[in-house]
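A.B. asks: Below is a structure I'd like to ask you about.
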Amino acid sequence: MTSEDVPPGAEGGPAGPELHRVRREFLAARGVDDDPRWAESALVTMVFADVQIDVAEEALIDAAALVQQSQESPEQLYGPPDRWAGETVESLRESGIAVFEDPMPPDLRGSVLTVFGVAAGLSALFVASDVLSLLLGTGPDKSLTLGLAVAPLLLSAAIIILWRVYTEASRRFSFPAVVALSVLVLAICAGGTAAVIMPLGQTEPVAGRGWMVTLVPLYGLIAAVLARVWPKPSAAPQPLTVPEVLEGAAVEDEQWLRRARAALRERGDLPEKRISAALREAQEHAADHGTRLLEEFSSPEEYARSLPRDPRVTPRRMTVLYGALALCWLAAGVLGAAEQHWEPSWDQGMYAVLVLISLWLAWTHARSWRAAATGTATGA
């Protein structure tokens, strides 16, 4: 068997040119059939961890070179493929090199495509709501207006904008500031969406309510067409590797501190006071030794990952979040009931279920918060 005998996706595995090249390199290294299977499993693990596939391919080709030199199996050299892949992913995260895929593309093209994709999903939820109403004997008595037709798109845009703001702000600001900014953006998006939907909802119907189902493939088709006709942005310049950063002394102390603070905030398990104290201690330690922060602590991302977490922070934030969600669902249910002149309807039951779920999650996290606080006090 030669390296050319390993087609992409052999034996039911995933296909792709990167996978084919990796399998070919591992088969050529020793000529043993099990080696490409090890490489395939490692590649899949790294890709599922959001490592860019070309980076994963390069890491595996380097591993294949060592297999060829030693003539030992990758299992003997590196251990199980998932463990090797996990260690490689951890090393890449600690290095701070930008080699991880963003699940929601940050560029305009990716954001627009995501908006239309989510709009298709929201349209499906609207259709499911209508079907449920029909099954309960309270079928929708409203026609499809222009406001209802664009509602999934506007709501989707609001969701993506809010997610983007939260993601970017969490790296730059303290958690209270992130929450305040997110609430402000949510209020603006909600007001803007209502300002568009409500007037359009008063216009003449464009079709019967049953035509709502056509919005699902329509928004999906728009997303597919845009993906074809809208060219992808050119690839970003290759980021500096850690050796290049170290040799070129490219990270000054101020930049190191900014990156470390962003990485610590992104973790979401340390309060702002602890973050500031840790960075101040690192700065003082480097000053006492007459060295730069990069030389003393390596990359800022690696330093950020080395700090122990505060077990109280995450459950405390989740308790507040789900408590606030419970209040929001309660307010939405009351407003909906008032609009329907307090007549019972199935959607009021839906709001009640959402309130109960949010309260239960808040209570669960509150128990974790209390346990963590008690454990911390006991440990102290």
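A.B. asks: Could you calculate the contour length gain from Glu90 to Ala227, that is, 0.36 nm times the residue separation minus the distance between their Cα atoms, to one decimal place in nm? Working shown, then result.
C.D. replies: Working: separation 137, 0.36 × 137 = 49.32 nm, distance 3.25 nm.
Full-extension gain reported as 46.1 nm.
A.B. asks: Let me ask you something else. Please give the length that would be gained between Leu135 and Val353 if that part of the chain were fully extended, namely 0.36 nm times their separation in residues minus their C-alpha to C-alpha distance (nm, one decimal).
C.D. replies: Values: separation 218, 0.36 × 218 = 78.48 nm, distance 1.90 nm.
Extra length from Leu135 to Val353 when fully extended: 76.6 nm.
A.B. asks: Just reorder Lys273, Lys232 by solvent-accessible area, largest first, 1.4 Å probe, all chains present.
C.D. replies: Numbers: Lys273 180, Lys232 155 Å².
Of Lys273, Lys232, the descending order of accessible area is Lys273, Lys232.
A.B. asks: With the crude spin-label approximation of a point 7 Å out along Cα→Cβ, what separation in nm comes out for Arg292 versus Phe48?
C.D. replies: 4.0
A.B. asks: Now for a different question. Could you compute the FRET efficiency for Asp269 and Thr203, with r as their C-beta to C-beta distance and R0 at 51 Å, rounded to 0.05?
C.D. replies: Numbers: r = 49 Å, r/R0 = 0.96.
About 0.55, to the nearest 0.05.
A.B. asks: At a 10 angstrom cut-off on C-beta neighbours, averaged per residue, how do the peptides 23-31, 191-199, 275-283 rank from highest to lowest?
C.D. replies: On the way: 23-31: 21.3, 191-199: 13.4, 275-283: 15.4.
Listed from highest to lowest mean packing, they are 23-31, 275-283, 191-199.
A.B. asks: Could I ask something else about it? For Val32 and Arg164, calculate 0.36 nm times their separation in residues minus their Cα-Cα distance, and state this gained length in nm to one decimal. List each step's numbers first, then the result.
C.D. replies: Working: separation 132, 0.36 × 132 = 47.52 nm, distance 4.68 nm.
Result: 42.8 nm gained on full extension.
A.B. asks: Something else: Please give, to one decimal in nm, the separation of the simple spin-label points placed at Phe173 and His285, each 7 Å out from Cα toward the Cβ.
C.D. replies: Rounded to a tenth, the inter-label distance reads 3.1 nm.
A.B. asks: Now a separate question. Would you give the gap between the C-alpha center of the stretch 64-85 and the C-alpha center of the stretch 362-376, rounded to a whole Å?
C.D. replies: Spelled out, the Cα-based centre of one part sits 43 Å from the other.
A.B. asks: For a label point 7 Å from the Cα of Ser143 along Cα→C-beta, name the residues of the stretch 189-227 whose backbone N is under 18 Å from it.
C.D. replies: Taking a point 7 Å out along Cα→Cβ of Ser143, the residues of the stretch 189-227 whose backbone N falls under 18 Å are 198-215.
The values are calculated or read from the model by the stated rules, or taken from the named source; none is laboratory data. Only a predicted model underlies this, so the values are computations on that prediction, with no experimental measurement involved. Using ideal geometry, Cβ is built from the backbone for each residue, glycine included, and neighbour counts are taken over all protein chains shown. For accessibility, only protein heavy atoms count, side chains too; no ligands or nucleic acids. Shrake-Rupley method; radii C 1.70, N 1.55, O 1.52, S 1.80 Å.
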